[in-house]
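Chemist: Supplied in structure tokens, the structure appears directly below.
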Amino acid sequence: MAPEPVLWLVLPCFNEAARLPAQAIEQAVAARPWLHLVFVDDGSTDGTGEVLAALIARLPPGRARLLSQPQNRGKGEAVRLGLIEALSAGGAELVGYWDADLSAPLDELEGMIAAMGEGADLVLGSRVMVLGAQIERRLVRHLGGRGVATLISVLLGLPVYDTQCGAKLLRVEPSLGELLARPFRSRWLFDVELLARWLRRHPGQEHRLRERPLSRWRHTPGSKLRASDALAAPAELLRIARAEGLLWQDSRGASRLRRG
Ligand SMILES: Nc1nc2c(ncn2[C@@H]2O[C@H](COP(=O)(O)OP(=O)(O)O)[C@@H](O)[C@H]2O)c(=O)[nH]1
Ligand SMILES: [Mg+2]
């Protein structure tokens, strides 16, 4: 079997001191010589920085970095800066990002990498509830999420099921830096912005995108997503769609969907 490619994975962390699964992270890194981590402490106020520094000191040298943001700027910016740091480490064949609460366990990585090996440049972990998969979501999040996901799919013109799962891998290629050059507008819907940027950069190349249904995903208590963020999602999506050129104005000024 071919060895796994060198992966630098970003774990955005905001006030994660109490729920960071440090032991699972240590075990995952010890078992996977190709896995490297960038932790982004996004202006936490609960001692997350110290917890992360102690964890990194226990990991083999050179396998993890810590990026400390003085102020909280949201998951999107933390992921963007983390990915830029991952690219600057040199040697990464793949980069990606993963929710630090490990709702998706790190042993899903091999399946995601296998999907990448089938000719993909961007693989999205997907929370598809089917028999045989263990996908545990709160009903209200699942229902709200399905509505938002459907709107996202229409706006992107892609048959994508779940853009918002916090588990994604990207192949390192020259245009990646360009996709990350500008800050995202959204704290939570930046995944959609990233996809929109990718689509614009690679027209007609949708076959290089893959969704990989996860075998396991478990909602972790202590979510930072507030009800107000969720309620604001449709309006925020339309703002993103307009800004990223997914909508066009017709001669009477009405918005129309450009793709799909
Ligand atoms: N950097 C950063 N990460 C955040 C922020 N809010 C949440 N996160 C991280 O984003 C990931 C997912 O957040 P979580 O609250 O579990 O969202 P949920 O799984 O959708 O309920 C975790 O790794 C969080 O630490 C934030 O403001 N900044
Ligand atoms: Mg979570």
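Chemist: Filter segment 77-91 down to residues that are surrounded by fewer than 22 Cβ atoms within 10 Å (Cβ to Cβ) and not charged (D, E, K, R) and give me whichever is nearest to residue 52 (Cα to Cα). Before the answer, list the steps.
Modeler: Within segment 77-91, the first condition is being surrounded by fewer than 22 Cβ atoms within 10 Å (Cβ to Cβ), and the residues that meet it are 77, 81, 84-85, 87-91.
Checking which are not charged (D, E, K, R) leaves us with 81, 84, 87-91.
Numbers: 81: 17, 84: 19, 87: 20, 88: 20, 89: 18, 90: 22, 91: 23 Å.
If we take residues in segment 77-91 being surrounded by fewer than 22 Cβ atoms within 10 Å (Cβ to Cβ) and not charged (D, E, K, R), then 81 is nearest to residue 52 (Cα to Cα).
Chemist: A further question on this structure: Just checking, how many residues over segment 140-159 are among the β-branched types (Val, Ile, Thr) and within 11 Å of residue 241 (Cα to Cα)?
Modeler: Taking segment 140-159 and keeping what is among the β-branched types (Val, Ile, Thr), we get 140, 148, 150, 152, 154.
From what's left, within 11 Å of residue 241 (Cα to Cα): 152, 154.
Adding up the residues that qualify gives 2.
Matching residues to (1) of a type in the set (Ser, Thr, Tyr); (2) at pLDDT below 95; (3) within 16 Å of ligand 2 (Cβ to nearest atom):
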{"position": "4", "(1), (2), (3)": "no, yes, no"}
{"position": "15", "(1), (2), (3)": "no, no, yes"}
{"position": "61", "(1), (2), (3)": "no, no, no"}
{"position": "65", "(1), (2), (3)": "no, no, no"}
{"position": "68", "(1), (2), (3)": "yes, no, no"}
{"position": "75", "(1), (2), (3)": "no, no, yes"}
{"position": "79", "(1), (2), (3)": "no, no, yes"}
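Chemist: Going through segment 117-157 one residue at a time, which ones are outside any helix (DSSP H, G or I) and of a type in the set (D, E, K, R)? Give the steps one after another, and end with the answer.
Modeler: Going through segment 117-157, the residues outside any helix (DSSP H, G or I) turn out to be 118-138, 157.
Answer for segment 117-157, where residues must be outside any helix (DSSP H, G or I) and of a type in the set (D, E, K, R): 118, 121, 127, 136, 137, 138.
Chemist: Looking only at segment 143-184, filter to residues that are within 16 Å of ligand 1 (Cβ to nearest atom), surrounded by 15 or more Cβ atoms within 10 Å (Cβ to Cβ) and of a type in the set (D, E, K, R); which one of those is nearest to residue 227 (Cα to Cα)?
Modeler: Checked segment 143-184; the qualifying residue nearest to residue 227 (Cα to Cα) is 162.
Chemist: All but one of (1) assigned to a helix (DSSP H, G or I); (2) more than 15 Å from ligand 2 (Cβ to nearest atom); (3) under 21 Å from residue 148 (Cβ atoms) hold for residue 211; which doesn't?
Modeler: Failed condition: (1).
Chemist: Another question, then. Quick one: residue 41 ticks every box in (1) in a helix (DSSP H, G or I); (2) in contact with a strand residue (DSSP E or B) (Cβ under 7 Å, 6 or more places away or on another chain); (3) within 11 Å of ligand 1 (Cβ to nearest atom) bar one, so which box is it?
Modeler: (1)
Chemist: Let me ask you something else. Identify the residue in segment 21-38 that is free of Cβ contacts under 8 Å to residues at least 40 places away in the same chain and either among the basic types (Lys, Arg) or in contact with a strand residue (DSSP E or B) (Cβ under 8 Å, 6 or more places away or on another chain) (or both) and, among all such residues, is farthest from ligand 2 (Cβ to nearest atom). Break it down stepwise before answering.
Modeler: Taking segment 21-38 first, the residues free of Cβ contacts under 8 Å to residues at least 40 places away in the same chain are 22-23, 26-27, 29-31, 33-34, 37.
Narrowing further to those that are either among the basic types (Lys, Arg) or in contact with a strand residue (DSSP E or B) (Cβ under 8 Å, 6 or more places away or on another chain) (or both): 29, 34, 37.
Working: 29: 20, 34: 25, 37: 17 Å.
Taking the candidates together, the pick is 34.
Chemist: Hey, another quick one. Looking at segment 189-243, which of its residues are open to solvent by 40 Å² or more (accessible area, probe 1.4 Å), within 18 Å of residue 158 (Cα to Cα) and either charged (D, E, K, R) or within 12 Å of ligand 1 (Cβ to nearest atom) (or both)?
Modeler: 200, 201, 206, 208, 210, 211, 212, 242 - these are the residues of segment 189-243 that are open to solvent by 40 Å² or more (accessible area, probe 1.4 Å), within 18 Å of residue 158 (Cα to Cα) and either charged (D, E, K, R) or within 12 Å of ligand 1 (Cβ to nearest atom) (or both).
Chemist: If you go through segment 62-116 one residue at a time, how many are in a loop (DSSP other than H, G, I, E, B), more than 17 Å from residue 25 (Cα to Cα) and either among the aliphatic types (A, V, I, L, M) or without any contact (Cβ under 8 Å) to a residue 24 or more places away in the chain (or both)?
Modeler: Of the residues in segment 62-116, the ones in a loop (DSSP other than H, G, I, E, B) are 62-63, 70-74, 89-93, 99-105.
Those still in the list that are more than 17 Å from residue 25 (Cα to Cα) too: 70-74, 89-93.
Next, from what is left, pick out any that are either among the aliphatic types (A, V, I, L, M) or without any contact (Cβ under 8 Å) to a residue 24 or more places away in the chain (or both): 89-90, 92.
Counting residues in segment 62-116 that are in a loop (DSSP other than H, G, I, E, B), more than 17 Å from residue 25 (Cα to Cα) and either among the aliphatic types (A, V, I, L, M) or without any contact (Cβ under 8 Å) to a residue 24 or more places away in the chain (or both) gives 3.
Chemist: Right, next: How many residues does segment 23-38 hold that are under 12 Å from residue 101 (Cα atoms) and either surrounded by 15 or more Cβ atoms within 10 Å (Cβ to Cβ) or modelled with pLDDT under 95 (or both)?
Modeler: Summing the residues that are under 12 Å from residue 101 (Cα atoms) and either surrounded by 15 or more Cβ atoms within 10 Å (Cβ to Cβ) or modelled with pLDDT under 95 (or both) in segment 23-38 gives 1.
The values are calculated or read from the model by the stated rules, or taken from the named source; none is laboratory data. All values derive from a computational prediction rather than experimental measurement. As a convention, Cβ positions derive from the backbone with ideal geometry for all residues, glycine included, and neighbour counts pool all protein chains shown. In case anyone asks, the SASA skips ligands and DNA or RNA and just uses the protein heavy atoms, side chains included. Shrake-Rupley method; radii C 1.70, N 1.55, O 1.52, S 1.80 Å.
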